[in-house]
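S.K.: My structure is below; once you've seen it, I'll send some questions.
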Amino acid sequence: MNLLWLFTVLLFIGCSEPTNSDISSDIVMADHERAPASSTTSETSIHLDDVPPKARERIRTEEAIERLTPHVVTAPGNVTLDLNLVAKVASLIPGQVEKLTGKLGQHVLKDQPLVAIESLILDELVQEYLVAKAKRDVAKKNFTRTKQLVKEHIVSQRRVLEDQGTAIETQAVFQHVREKLLNMGLTPKELHDFEHGSHLEGHKYILRAPLGGTITHQQVVLGQGVSVGEELFEIVDTSRVWVFANLPIEQARRFSEGDQGKVVPRGGQPITAQLAYISPVAEETTRTVRVRLDVDNQQGRLKPNEYVDVQLLDEQLPVLSIPDTAVTMVKGKRGVFVQKETGYNFVLIELGQEGGGLVEITQGIQLGDKVVTQGVFDLKNALLQGSIEGH
């Protein structure tokens with residue numbers, strides 16, 4: 001009986017003694033509870049001591065500081081014509097095309113003749129103009145002579161008032177007809193030629209280019225009858241174009257008219273442009289704000305209706321940032337090399353906004369840490385070589 005009791009006690013004691021693995025787990029758990037920071041550091045950084053002397057000579061560092069880090073906002077854009085440089089050419093009187101000098105694809109200068117139109121209405125207006133001018137001239141001469149006669153007491157004051165009224169009336173009629181012809185596109189020189197030339201032949205109504213550019217639409221041929229307001233040509237000047245893009249409301253609030261941006265054509269070089277318009281109203285369906293950049297296109301690098309990328313530089317509040325040359329990838333992990341008293345630590349990081357050669361660091365390093373900006377490739381090779389040898 002006593003032997004059985006002793007065997008039972010010894011068996012219970014043997015089962016309750018801690019094993020080596022249990023002790024190790026307790027130590028690890030205790031260490032983790034006492035110093036969680038060291039555990040995190042070991043998981044997010046690798047120390048490097050063995051750096052070749054030549055590599056050390058190439059290494060340059062820079063402190064991580066808070067500064068304005070430009071952030072590039074990118075949005076898809078669409079190139080359109082500058083509506084201030086588009087002209088629709090239409091006839092203001094009915095008639096028939098007698099001569100055609102403008103044609104599709106032709107580059108024209110401002111006031112260059114495009115088409116000559118024969119018109120009975122124009123003949124009637126020119127006749128009315130010449131008659132009004134003749135009456136005006138006669139009335140002016142009569143009034144001038146009457147004023148001279150009244151001084152000599154040959155005519156009455158009533159005659160002076162009558163001639164004065166006639167001169168004013170004929171001048172008003174003449175001026176009205178003249179302005180009507182000028183508004184139709186006739187020039188003062190053409191009116192002068194009407195006054196001093198032959199009027200036996202029919203007069204030609206000349207349509208001229210209202211601006212310099214390229215004829216992109218032609219809807220008229222020789223001998224065609226045209227009506228009032230009928231569009232005959234479209235002329236566009238693409239030396240300056242508009243580029244529209246849509247930004248989320250929160251992004252659009254960060255910019256102002258006059259800010260500089262860039263337009264990046266697909267397969268082309270960026271073009272600097274100015275933010276000229278920010279819509280005061282958000283679009284109802286997309287809840288975005290339409291913006292417009294005015295782009296100098298003298299070289300014709302942008303084609304209206306093509307798609308581009310619009311880039312705007314947003315400088316926000318100062319943030320912890322470093323040069324983007326410091327960031328590298330090691331075994332699929334993004335990080336930077338931080339200089340320590342002995343060697344360098346490769347520290348994993350998380351990035352924020354990028355732009356202007358700088359990158360925001362949201363996690364991984366602290367203010368004042370000296371990060372390697374030159375010689376990163378050498379340290380990366382040394383780190384990878386060491387891991388291979390250690391393996």
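The values are calculated or read from the model by the stated rules, or taken from the named source; none is laboratory data. Only a predicted model underlies this, so the values are computations on that prediction, with no experimental measurement involved. Because the Cβ atoms are built from the backbone with ideal geometry, glycine has one as well, and the counts that use them run over all protein chains shown.
S.K.: Looking at segment 119-130 only, could you name the residues that are surrounded by 14 or more Cβ atoms within 10 Å (Cβ to Cβ) and either at pLDDT 90 or above or assigned to a helix (DSSP H, G or I) (or both)?
M.R.: Of everything in segment 119-130, those that are surrounded by 14 or more Cβ atoms within 10 Å (Cβ to Cβ) and either at pLDDT 90 or above or assigned to a helix (DSSP H, G or I) (or both) turn out to be I121, L122, D123, L125, V126, Q127, E128, Y129, L130.
S.K.: Kindly check whether there is at least one residue in segment 369-387 that is in contact (Cβ under 8 Å) with a residue 60 or more places away in the chain, basic (K, R), more than 26 Å from Q251 (Cβ to Cβ) and not in a strand (DSSP E or B).
M.R.: Scanning segment 369-387 turns up no residue that is in contact (Cβ under 8 Å) with a residue 60 or more places away in the chain, basic (K, R), more than 26 Å from Q251 (Cβ to Cβ) and not in a strand (DSSP E or B).
S.K.: In the set K99, K110, K140, which member is in contact with a Lys or Arg (Cβ under 9 Å, 6 or more places away or on another chain) and either more than 19 Å from Y205 (Cβ to Cβ) or part of a loop (DSSP other than H, G, I, E, B) (or both)?
M.R.: Details: K99 fails: either more than 19 Å from Y205 (Cβ to Cβ) or part of a loop (DSSP other than H, G, I, E, B) (or both); K140 fails: in contact with a Lys or Arg (Cβ under 9 Å, 6 or more places away or on another chain).
When all the criteria are applied, what remains is K110.
S.K.: Give me a count of the residues in segment 257-286 that are surrounded by 15 or more Cβ atoms within 10 Å (Cβ to Cβ) and among the hydroxyl-bearing types (S, T, Y).
M.R.: 1
S.K.: Would you tally the residues in segment 177-194 being part of a helix (DSSP H, G or I) and touching a residue at least 40 places away in the same chain (Cβ under 8 Å)?
M.R.: Within segment 177-194, residues that are part of a helix (DSSP H, G or I) and touching a residue at least 40 places away in the same chain (Cβ under 8 Å) number 7.
S.K.: While we're here: Residues of segment 59-69 being within 26 Å of A252 (Cβ to Cβ) and buried (at least 16 other Cβ atoms within 10 Å of the Cβ), which ones?
M.R.: Hit for segment 59-69 is T69, nothing else.
S.K.: Same structure again: Quick one: in segment 195-208, of everything that is part of a loop (DSSP other than H, G, I, E, B), out of contact with any strand residue (DSSP E or B) (no Cβ under 6 Å at 6 or more places or on another chain) and surrounded by fewer than 16 Cβ atoms within 10 Å (Cβ to Cβ), which residue is modelled with the lowest pLDDT?
M.R.: Looking at residues that are part of a loop (DSSP other than H, G, I, E, B), out of contact with any strand residue (DSSP E or B) (no Cβ under 6 Å at 6 or more places or on another chain) and surrounded by fewer than 16 Cβ atoms within 10 Å (Cβ to Cβ), I get L200.
S.K.: Check every one of the strands (runs of 3 or more DSSP E) wholly within segment 219-279 and list those with 1 or more residues that are basic (K, R) and touching a helix residue (DSSP H, G or I) at 6+ places or on another chain (Cβ under 7 Å).
M.R.: Counting at least 1 such residues, we get 240-248.
S.K.: Quick test for you: out of L211, L186, pick the one residue that is at pLDDT below 85 and either exposed (fewer than 13 other Cβ atoms within 10 Å of the Cβ) or of a type in the set (A, V, I, L, M, F, W, C) (or both).
M.R.: L186
S.K.: Which of the residues spanning segment 306-326 are in a loop (DSSP other than H, G, I, E, B) and modelled with pLDDT of 95 or more?
M.R.: Answer for segment 306-326, where residues must be in a loop (DSSP other than H, G, I, E, B) and modelled with pLDDT of 95 or more: just E306.
S.K.: From the residues in segment 352-369 that are surrounded by fewer than 16 Cβ atoms within 10 Å (Cβ to Cβ) and not small (G, A, S), which one is nearest to the chain's Cα centre (by Cα)?
M.R.: The qualifying residue nearest to the chain's Cα centre (by Cα) is T362.
S.K.: Which condition number in (1) surrounded by 13 or more Cβ atoms within 10 Å (Cβ to Cβ); (2) assigned to a helix (DSSP H, G or I); (3) at pLDDT 85 or above is the one that K54 fails?
M.R.: Going through the list (1) surrounded by 13 or more Cβ atoms within 10 Å (Cβ to Cβ); (2) assigned to a helix (DSSP H, G or I); (3) at pLDDT 85 or above, K54 breaks only (1).
S.K.: Follow-up. For the structure I just gave you, tell me whether V108 is modelled with pLDDT of 90 or more and either loosely packed, with under 13 Cβ neighbours inside 10 Å or under 51 Å from the mean Cα position of the chain (by Cα) (or both).
M.R.: Numbers: modelled with pLDDT of 90 or more: yes; either loosely packed, with under 13 Cβ neighbours inside 10 Å or under 51 Å from the mean Cα position of the chain (by Cα) (or both): yes.
Spelling it out, V108 is indeed modelled with pLDDT of 90 or more and either loosely packed, with under 13 Cβ neighbours inside 10 Å or under 51 Å from the mean Cα position of the chain (by Cα) (or both).
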